[in-house]
Structure formats: structure tokens, C-alpha cells
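Student: Before anything else, here's the structure in question.
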Amino acid sequence: MAVAGLGREEPTLFLSNNIAVTARDLITRSTGRNGVEDALGISVNFFHLDCLASEVRLNVDLDVALTVLAHGCYRWLASKLRGFDKAKPKQLSRRFVETGGLVEVQAERIVVHFDKRSHNPLLREATLDADCPPIPWLGHRLVTFDYP
């Protein structure tokens with residue numbers, strides 16, 4: 001189905017294998033879906049795999065799942081860092097995730113040695129590696145952090 005007048009120069013194409021659905025229901029469902037995807041894309045616009053608001057809907061299920069998962073991880077990180085509970089994921093990534101360091105794989109654990117940074121005291125205080133269970137896909141090793 002092609003629909004003109006939806007705010008684009010060219011008509012919008014809707015594809016469905018459900019021949020029983022009405023045109024109105026198809027457009028309404030698509031609009032709701034776009035709203036959810038656009039909101040997710042805006043809130044976590046710097047780390048999703050494919051632009052969720054793009055014209056071509058490829059791997060939307062995987063993109064949405066990974067985007068929601070990544071967003072949840074950043075929210076968890078924000079909740080652990082004093083003074084950053086309302087920080088946006090992009091800010092958290094820039095200040096805490098995109099940092100240099102060295103990863104050392106030992107027999108029983110993996111040690112992440114962070115480079116010296118002004119935010120290291122906040123990371124140390126958050127004790128992000130406390131109560132970390134052994135990670136199966138890392139050979140059941142523990143992950144620990146080392147701050148200078």
C-alpha cells in the first residue's frame with residue numbers, strides 16, 4: 001500500500017503479509033512502532049547499530065533489543081556513579097566508557113587497568129566489580145578493575 005501526505009515528499013510504502021488487516025490499522029500500527037523506535041533512537045542515538053528512524057527497516061528486532069539492552073546498561077552505570085544518576089548515555093560513554101587502559105587476562109581473573117583519569121575516584125567509589133560472578137564466556141573468570 002502506498003500512502004501520500006504523511007509528511008514526506010514521496011509516498012510511504014507499507015508492506016504486510018496480513019491481508020485481513022485494514023489500511024487504517026496498518027498505518028496506525030506502523031505509526032506507533034515508529035514512535036517507539038524514534039524515542040529509543042533519540043535517547044540512545046550514539047550506540048545503536050542501525051539508525052532506528054531510518055527509511056530502510058533492516059534487523060529492527062535485533063537493533064531494538066540491543067538498543068534497549070545497551071540503554072539499560074548505561075542506566076545501571078548511571079545509578080552506580082554518584083552525581084550521574086540523571087546523566088545521558090552519551091555523557092557516560094564519553095566520560096567513563098571511552099577511556100584508555102590495559103586488559104590483563106590471568107588464569108583466574110581478568111583485570112582491567114584504567115589509565116589515570118579525573119573520574120577514576122568515582123569509578124573506584126562505585127565498586128562496579130563488587131559481587132561480580134564468574135563470567136561463563138570468559139572461561140568462568142572474575143572481572144576486576146584496577147585504578148591508578
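The values are calculated or read from the model by the stated rules, or taken from the named source; none is laboratory data. What you are looking at is a predicted structure, and each value in this text was computed from that prediction instead of being measured. Counting neighbours? That spans all protein chains shown, and the Cβs are built from the backbone with ideal geometry, glycine included.
Student: Say we look at the range 85-107 and pick out the residues that are touching a Lys or Arg at 6+ places or on another chain (Cβ under 9 Å) and at pLDDT 90 or above; which of these is nearest to residue 67 (Cα to Cα)?
Tutor: Out of the qualifying residues, it is 105.
Student: Turning to a different aspect of this structure: Within the set of pairs 6 or more residues apart or between chains, which connect a residue that is without any contact (Cβ under 8 Å) to a residue 40 or more places away in the chain inside the range 119-131 to a residue that is in a helix (DSSP H, G or I) and of a type outside the set (D, E, K, R) with Cβ atoms less than 7 Å apart?
Tutor: What qualifies is 119/96.
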